[in-house]
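Working notes, beginning with the structure itself.
The values are calculated or read from the model by the stated rules, or taken from the named source; none is laboratory data. Every value quoted in this text rests on a predicted model; they were computed, and no experiment measured them. Cβ atoms come from the backbone with ideal geometry, glycine included; neighbour counts cover every protein chain shown.
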Amino acid sequence: MDKWIKKDLEYNWHPYTQMKDCLEFPPIMIEKARGLKLYDRAGNFYYDTISSWWCNIHGHNHPKIRAAIERQAKLLDHVLFAGFTHKNAVLLAEKLVGIAPDNLKRVFFSDNGSTAVETALKMSLQYWYNTGKTEKSRFVSLDAGYHGDTAGAMSVGGVSLFNKPFAPLLFKSFRAASPYCYRCPAGKKRDTCEIDCAGSLAAILREHSNKIAALILEPIVMAAGGMIIYPKEYLAKAAKLAQKYGVHLILDEVATGFGRTGRFFACEHAGVKPDFMCLSKGITSGTLPLGATLTTEKIYRAFYGDYEKRRTFYHGHTYTANPIACAAALASLVIFEEDRTLAKAKAKAESLRDGLEELRDLPIVGDVRSIGMIGALELVKDKRRKTAFGLKERIGLRIYKAGLGRRLILRPLGNITYLFLPLSVGKKELEYILDNTCKIIRSVVY
């Protein structure tokens, strides 16, 4: 075993990892990266087909982002964001407001997706507190949703594998059935249903809206829950229900924002305007940690007033609006404009969809779903019954290992093999990734 891997296993504890597995499947030591490729110490490369946990957009080590970071590092590395400000934070907030739904006028910076979500939850709760409706202190979310690993974010998450041991730390929230078309909670078929799965959410809001502060959703794609891609009509209906019953709508665009679904923000597919939008991951194209929570002027004004009235939002993070991270985010937005990133990604998204569809008839491929540069294959033991593989069968691990042998990183989500590609993927790179993903899945079948 490489000496650096030995040291790693001696000192480090990796996330979402059973460390015992590392004795048989040790981590790969990555030394450098460029574009879609990650290079290990031996010079081997791997296509970063999951964007290093869904955050890389323009490819690794992009020269424009690197130059922006270098310039800013020479001027100002960090400054507290209470009582002080800096140009990059002002420019970035202005840019985000300019591209977000037009009702979102205020930006609160943090440092990752979980903190962006925590900020929205606390803002919603305190809004109702400040306006005299203290009974509105609960939240409603989806039973397959995921919003982060901090206590508040876990409390509104529905992926029990991630949060079950931490139940004593969490507050109670309402959970509605997820719009999971392949395993429809209403037992319907998508081509004939009328978004019947929204009935669960409607029932909760109808009965409990007087004590619900907000509804939180991942728009269009439920990522960690299994790359569940759901109809835009569900999002539109959920937004109308939130408005009808007087609860805030929080959209968690941490994974779906910045072009991942073919639109700059996923909520654009349904024309939805949330009360809060949570951003992170792709905001800096994965170069530095940064989060942002956008909200309306109405909500902002509920916190505005004389100090002694105690309306202040007592919340913050040490690295709020870090100048170097903001510089990286601004550079990323410039690349979107100058390189016409979204327009160029359209044809690639069609190729991704068509390439994955070729696998639909394989006996272990239960469902194929894609949107933008996100694609997923749900693997099943019995296609007719939609029977899932068990934990001991580790179908995802088998595909992951085979992927590394073909220079692909196909890190699974349980029985879901997925691609979450940088928007900068080239035509030949995409062809290689699709061709070899197909070969890997076929090899597991035959």
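When you look at A116, is it in the same structural domain as L251 (by TED's automatic domain parsing) and either free of Cβ contacts under 8 Å to residues at least 60 places away in the same chain or surrounded by fewer than 15 Cβ atoms within 10 Å (Cβ to Cβ) (or both), yes or no? Taking the combined requirement at face value, the residue does not satisfy it.
Limited to the stretch 342-356, what total is found for residues that are of a type in the set (A, V, I, L, M, F, W, C) and closer than 9 Å to L434 by Cβ?
Here is the first cut: in the stretch 342-356, the ones of a type in the set (A, V, I, L, M, F, W, C) are 342-343, 345, 347, 349, 352, 356.
If we keep only those that are closer than 9 Å to L434 by Cβ as well, we get 352, 356.
Here the count works out to 2.
Under the condition of being surrounded by fewer than 23 Cβ atoms within 10 Å (Cβ to Cβ) and not charged (D, E, K, R), the residues counted in the stretch 120-143 number 9.
Of the residues G291, G286, only one is crowded, with 23+ Cβ neighbours inside 10 Å and either in contact with a Gly (Cβ under 9 Å, 6 or more places away or on another chain) or over 30 Å from D77 (Cα atoms) (or both); which? Talk me through it step by step, then tell me what you get.
Numbers: G286 fails: either in contact with a Gly (Cβ under 9 Å, 6 or more places away or on another chain) or over 30 Å from D77 (Cα atoms) (or both).
G291 is the lone residue from the list that is crowded, with 23+ Cβ neighbours inside 10 Å and either in contact with a Gly (Cβ under 9 Å, 6 or more places away or on another chain) or over 30 Å from D77 (Cα atoms) (or both).
Before we move on, is T293 at pLDDT 95 or above, of a type in the set (S, T, Y), more than 30 Å from K428 (Cα to Cα) and under 19 Å from the mean Cα position of the chain (by Cα)? For T293, the condition - at pLDDT 95 or above, of a type in the set (S, T, Y), more than 30 Å from K428 (Cα to Cα) and under 19 Å from the mean Cα position of the chain (by Cα) - is met. Taken over the stretch 159-197, the criterion of being closer than 19 Å to H248 by Cα and surrounded by 21 or more Cβ atoms within 10 Å (Cβ to Cβ) is satisfied by A176, S178.
Mind checking whether some residue in the stretch 266-281 is under 13 Å from the mean Cα position of the chain (by Cα), surrounded by fewer than 24 Cβ atoms within 10 Å (Cβ to Cβ) and over 19 Å from D149 (Cα atoms)? For the stretch 266-281, residues under 13 Å from the mean Cα position of the chain (by Cα), surrounded by fewer than 24 Cβ atoms within 10 Å (Cβ to Cβ) and over 19 Å from D149 (Cα atoms): absent.
For the stretch 367-407, the set of residues classified as at pLDDT 95 or above, among the charged types (D, E, K, R) and either in the same structural domain as V221 (by TED's automatic domain parsing) or closer than 25 Å to W54 by Cβ (or both) consists of D367, R369, E378, R406, R407, listed by residue number. Taking G355, is it within 30 Å of I65 (Cβ to Cβ), in contact with a Cys (Cβ under 8 Å, 6 or more places away or on another chain) and either touching a residue at least 60 places away in the same chain (Cβ under 8 Å) or not assigned by TED's automatic domain parsing to the domain that holds A223 (or both)? Taking the combined requirement at face value, the residue satisfies it. If you check L423 against the conditions, is it crowded, with 17+ Cβ neighbours inside 10 Å, at pLDDT 95 or above and outside any helix (DSSP H, G or I)? In short, yes.
For (1) farther than 30 Å from L421 by Cβ; (2) at pLDDT 95 or above, each residue gets a yes or a no:
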| site | (1), (2) |
| --- | --- |
| K189 | no, no |
| S200 | yes, yes |
| S209 | yes, yes |
| A213 | yes, yes |
| I216 | no, yes |
| I220 | no, yes |
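Could you identify the single residue in K122, K136 that is assigned to a helix (DSSP H, G or I), touching a residue at least 24 places away in the same chain (Cβ under 8 Å) and closer than 25 Å to A242 by Cβ? Show your work before the answer.
Working: K136 fails: assigned to a helix (DSSP H, G or I).
Answer to the selection: K122.
Is the stretch 297-314 home to any residue that is modelled with pLDDT of 95 or more, touching a helix residue (DSSP H, G or I) at 6+ places or on another chain (Cβ under 6 Å) and not assigned by TED's automatic domain parsing to the domain that holds A33? Yes, there is a match, as at least one residue in the stretch 297-314 is modelled with pLDDT of 95 or more, touching a helix residue (DSSP H, G or I) at 6+ places or on another chain (Cβ under 6 Å) and not assigned by TED's automatic domain parsing to the domain that holds A33. Go through the stretch 260-287 residue by residue and tally those that are in a loop (DSSP other than H, G, I, E, B), closer than 29 Å to W128 by Cβ and of a type in the set (K, R). So the count comes out to 1. G257 passes every criterion in (1) in contact (Cβ under 8 Å) with a residue 60 or more places away in the chain; (2) closer than 26 Å to V425 by Cβ; (3) assigned to a loop (DSSP other than H, G, I, E, B) apart from (1).
Scoring L92 on the criteria (1) farther than 30 Å from H248 by Cα; (2) in the same structural domain as L333 (by TED's automatic domain parsing) leaves a single failure, condition (1).
Scan the stretch 358-366 and give yes if some residue there is at pLDDT below 95, hydrophobic (A, V, I, L, M, F, W, C) and part of a helix (DSSP H, G or I), otherwise no. Checked against the condition, which is being at pLDDT below 95, hydrophobic (A, V, I, L, M, F, W, C) and part of a helix (DSSP H, G or I), the stretch 358-366 yields no hits at all. Restricting to the stretch 212-248, name every residue that is farther than 21 Å from C55 by Cβ, touching a residue at least 40 places away in the same chain (Cβ under 8 Å) and not in a helix (DSSP H, G or I). Scanning the stretch 212-248 gives I212, A213, A214, L215, Y230, P231, Y245, V247, H248. Taking the listed residues M29, M19, the one that is surrounded by fewer than 16 Cβ atoms within 10 Å (Cβ to Cβ) and more than 21 Å from P412 (Cβ to Cβ) is M29, with no other qualifying.
Specify which of the listed residues (E357, E378, E350, E337) is of a type in the set (D, E, K, R) and surrounded by 19 or more Cβ atoms within 10 Å (Cβ to Cβ). Reasoning before the result, please.
Details: E357 fails: surrounded by 19 or more Cβ atoms within 10 Å (Cβ to Cβ); E350 fails: surrounded by 19 or more Cβ atoms within 10 Å (Cβ to Cβ); E337 fails: surrounded by 19 or more Cβ atoms within 10 Å (Cβ to Cβ).
Answer to the check: E378.
Only one of the numbered conditions (1) in contact with a strand residue (DSSP E or B) (Cβ under 7 Å, 6 or more places away or on another chain); (2) touching a residue at least 40 places away in the same chain (Cβ under 8 Å); (3) closer than 16 Å to K122 by Cα is violated by L251, and that is (2).
Residues in the stretch 194-211 that are part of a loop (DSSP other than H, G, I, E, B) and free of Cβ contacts under 8 Å to residues at least 40 places away in the same chain: E194, D196, C197.
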